[in-house]
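Below is one structure; the comments refer to it alone.
The values are calculated or read from the model by the stated rules, or taken from the named source; none is laboratory data. Here the structure is a predicted model, which is why all the values come from computation and not from measurement. Neighbour counts are summed over all protein chains in view; Cβ atoms, including those assigned to glycine, are modelled from backbone coordinates with ideal geometry.
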Amino acid sequence: MRRFSLSAWIWIVLAAVYFLIPLLATLLFSIKDKQTGNCCSLSAYGFILHDPVFWSRIRLSFELALETIVITLLLLVPTIYWVHLRLPRLRAVISFLALVPFVVPPIILVGGLLNFYRGSPQWFYAKPFGFLAAAYVILAFPYVFFSLDAGFRAIDVHTLTEASLNLGASWRTTLARVILPNIKVAALSGAFLTLAIVMGEYTIAALSAFKTFPVYIENVNETQAYPAAALTLLSFGITWAAMGSILLVGRRGGATRVQLGGGGR
Amino acid sequence: MATDVAAVGELRPGTRPGRRRLPLAWLVVVPFFAYTLLFLFLPAGEVLVGAFKGAHGGATLSNLSDVIHNPNLRDDYKTSIEVSLVTAGLGALFGVLIAYAAIREGTPRWIRSALTTFSGVAANFGGIPLAFAFISTLGVLGIVTVFLQNQLHYSLYQHGFTIYGKTGVEVVYLYFQIPLMILVIAPAIDGLRREWREATSNLGASSFQYWRYVGLPVLLPSIISTLILLFGNSFAAYATAYGLTTGQSVHLVPITIGFDISGNVVSNPHEAQALAFGMFVVLAVMMLIYIPVQRRASRWAK
């Protein structure tokens with residue numbers, strides 16, 4: 001077999017050009033001076049860092065991500081554990097349910113939720129930590145499900161549970177000290193993926209009129225090009241950090257798994 | 001906890017009559033089912049039912065026939081499906097070629113790991129920031145546009161190109177479509193055993209024959225199932241196209257639904273629901289093809 005292939009290298013170089021130039025262009029835009037448009041200045045970054053709105057929006061998105069992660073894990077970990085332990089026939093049903101959000105685009109989900117919950121109490125309908133978090137948990141379901149399901153499949157749930165109970169541990173101890181440590185990597189992968197999704201989600205937030213971080217990027221985008229470029233890079237950096245964390249915990253846990261994305265949103 | 005005590009007794013299912021076991025065992029999965037019902041099935045179901053409701057109540061097919069007979073809305077579907085077909089097809093083609101180039105023997109290992117790491121990020125990067133990155137690159141004042149103008153005296157925009165149009169949307173969508181293809185197809189390419197290639201060449205087959213009779217048939221189910229995934233990914237996308245065009249220049253179905261929801265267009269309140277029903281039908285058909293093909297595809301994957 002040939003060791004060197006010209007066509008392979010041509011494809012790799014073309015890919016590098018297509019994928020890196022937009023990032024490079026954004027970087028060049030972000031270091032233009034806010035007033036004069038000349039290179040090079042950090043004024044666009046300064047503008048963002050001194051904008052209190054930026055801090056409140058990114059904080060809101062981050063808190064939403066944490067809430068979504070907690071709710072999703074609380075709902076899915078016991079369910080998937082129990083399905084693997086007791087109700088194996090239900091696994092097909094649950095994985096089908098977890099796939100359904102793929103068939104319901106965010107634009108339809110938000111329309112349906114707005115309609116269905118119109119007239120519900122204000123503490124839910126008008127609050128990001130109510131309405132928006134509820135929708136984000138649905139968005140996170142497929143990703144967290146497949147991550148956790150693979151994690152549970154990789155361990156022997158029956159043997160671990162029975163051994164722990166036979167040795168006199170309570171159910172609570174079994175869950176906390178035997179099962180959870182074994183699926184930690186899977187849970188963390190799902191959590192970081194959820195973080196990336198929530199920090200970048202625009203459709204649902206914008207159409208239900210909540211002012212999250214991506215909505216802030218869009219607002220800045222309309223009026224100020226250079227700070228918008230800086231925010232774009234920051235957003236890419238957040239996605240990168242979340243994905244990097246998945247690789248990191250995966251490597252430490254001895255597992256490498258492909259994470260599927262849902263870019264367009 | 002009461003449920004704990006009850007559940008301990010259930011460890012040995014055989015020692016108890018089966019009848020009492022079932023309801024308790026189901027109790028644990030109730031919250032998950034309740035949640036999907038409340039926040040997914042009921043709201044989405046209402047959209048689907050609403051597509052068949054008249055403006056003053058009562059069942060009707062007029063919303064759907066309005067959509068079908070409205071040339072603008074028909075065009076929305078045409079554009080959406082075209083963009084999805086083009087970006088799924090090109091995304092799959094380039095994805096396979098790039099993934100194979102990075103994985104094949106003779107390419108340094110680090111290129112492969114850099115590519116898969118980057119793909120994981122790019123497949124999850126989208127929406128407004130992605131649109132802006134391409135406006136910085138190929139917009140009217142984009143770096144590449146200006147570079148071509150100043151250095152090569154070639155004006156993209158005078159030659160009919162625009163990043164704010166349909167071609168632009170397709171160019172931008174490929175930024176997450178190609179990486180998604182790479183992520184999914186890489187394990188399938190790993191599944192192509194080296195012995196197969198050696199066996200075919202020992203038997204006197206050419207490289208073309210290897211691909212025609214061994215390589216492609218093994219990869220094909222994975223490629224088809226990923227094509228469907230890419231189609232759905234593009235078909236459902238809203239934020240990226242909106243960020244690129246502010247909803248003005250390219251009329252995709254999700255963009256029109258977005259306008260209906262945010263009330264920028266005064267129209268039949270059931271129009272959005274009828275449009276959504278159409279989207280749902282397209283995606284559900286895709287899913288019905290996806291599941292059996294996916295099962296076939298997992299046969300050779302490592």
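The table for this structure:
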{"read-out": "The one condition in (1) at the interface with another protein chain (Cβ under 10 Å from one of its Cβ atoms); (2) surrounded by 21 or more Cβ atoms within 10 Å (Cβ to Cβ); (3) in a loop (DSSP other than H, G, I, E, B); (4) not acidic (Asp, Glu) that B:Ile182 fails to fulfil", "value": "(3)"}
{"read-out": "Yes/no for A:Ala8 being farther than 25 Å from A:Ala225 by Cα and small (Gly, Ala, Ser)", "value": "yes"}
{"read-out": "Looking only at the range A:29-48, and only at residues there that are of a type in the set (Ser, Thr, Tyr) and farther than 7 Å from A:Tyr226 by Cα, the one that is surrounded by the fewest Cβ atoms within 10 Å (Cβ to Cβ)", "value": "A:Thr36"}
{"read-out": "Residues of the range B:41-66 classified as within 11 Å of another protein chain (Cβ to nearest Cβ) and over 17 Å from B:Ile261 (Cα atoms), total", "value": "2"}
{"read-out": "Residue list for the range B:104-129, restricted to those being surrounded by fewer than 21 Cβ atoms within 10 Å (Cβ to Cβ), more than 7 Å from every other protein chain (Cβ to nearest Cβ) and either within 21 Å of A:Leu231 (Cβ to Cβ) or not polar (S, T, N, Q) (or both)", "value": "B:Pro108, B:Arg109, B:Trp110, B:Arg112, B:Ala114"}
{"read-out": "Qualifying positions in the range A:187-218 - more than 10 Å from chain B (Cβ to nearest Cβ) and not in a helix (DSSP H, G or I)", "value": "A:Phe210, A:Lys211, A:Thr212"}
{"read-out": "Matching residues in the range B:267-296 - criterion: being touching a residue at least 24 places away in the same chain (Cβ under 8 Å), more than 10 Å from chain A (Cβ to nearest Cβ) and not in a helix (DSSP H, G or I)", "value": "B:Asn268, B:His270"}
{"read-out": "Lone unmet requirement of (1) β-branched (Val, Ile, Thr); (2) part of a helix (DSSP H, G or I); (3) farther than 30 Å from B:Ser201 by Cβ for A:Ile12", "value": "(3)"}
{"read-out": "Where a residue in the range B:106-132 is under 15 Å from A:Trp240 (Cα atoms) and touching a residue at least 60 places away in the same chain (Cβ under 8 Å) and its partner, wherever it lies, is of a type in the set (S, T, N, Q) and assigned to a loop (DSSP other than H, G, I, E, B), with Cβ under 9 Å and at least six apart", "value": "B:Gly120/A:Gln259; B:Ala123/A:Gln259"}
{"read-out": "Elements of type helices (runs of 4 or more DSSP H) in the range A:81-186, at least 1 residues being within 29 Å of B:Ala284 (Cα to Cα) and in contact (Cβ under 8 Å) with a residue 12 or more places away in the chain", "value": "A:91-103, A:106-116, A:133-153"}
{"read-out": "Criterion: hydroxyl-bearing (Ser, Thr, Tyr), at pLDDT 85 or above and assigned to a helix (DSSP H, G or I) - qualifying residue of B:Thr137, B:Thr162", "value": "B:Thr137"}
{"read-out": "Single unsatisfied condition, A:Tyr45 versus (1) modelled with pLDDT of 90 or more; (2) within 13 Å of chain B (Cβ to nearest Cβ)", "value": "(2)"}
{"read-out": "Residue within the range A:15-29 that is over 18 Å from B:Pro179 (Cα atoms), more than 28 Å from the chain's Cα centre (by Cα) and either in contact (Cβ under 8 Å) with a residue 40 or more places away in the chain or not in a loop (DSSP other than H, G, I, E, B) (or both) present", "value": "no"}
{"read-out": "Selection status of A:Leu90, at the interface with another protein chain (Cβ under 9 Å from one of its Cβ atoms), over 27 Å from B:Ala276 (Cβ atoms) and not charged (D, E, K, R)", "value": "yes"}
{"read-out": "Number of the exception - A:Val77 against (1) free of Cβ contacts under 8 Å to residues at least 12 places away in the same chain; (2) more than 8 Å from chain B (Cβ to nearest Cβ); (3) hydrophobic (A, V, I, L, M, F, W, C); (4) buried (at least 17 other Cβ atoms within 10 Å of the Cβ)", "value": "(1)"}
{"read-out": "Matching residues in the range B:54-93 - criterion: being crowded, with 16+ Cβ neighbours inside 10 Å, of a type outside the set (A, V, I, L, M) and under 29 Å from B:Ile178 (Cα atoms)", "value": "B:Asp76, B:Tyr77, B:Thr79, B:Ser80, B:Ser84, B:Thr87, B:Gly91"}
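Condition check ((1) touching a residue at least 24 places away in the same chain (Cβ under 8 Å); (2) closer than 23 Å to B:Ala123 by Cα) across all residues:
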residue	(1), (2)
B:Ile163	yes, yes
B:Gly168	yes, yes
B:Ile189	yes, yes
B:Ser206	no, no
B:Thr226	yes, yes
B:Ala241	yes, yes
B:Thr246	no, yes
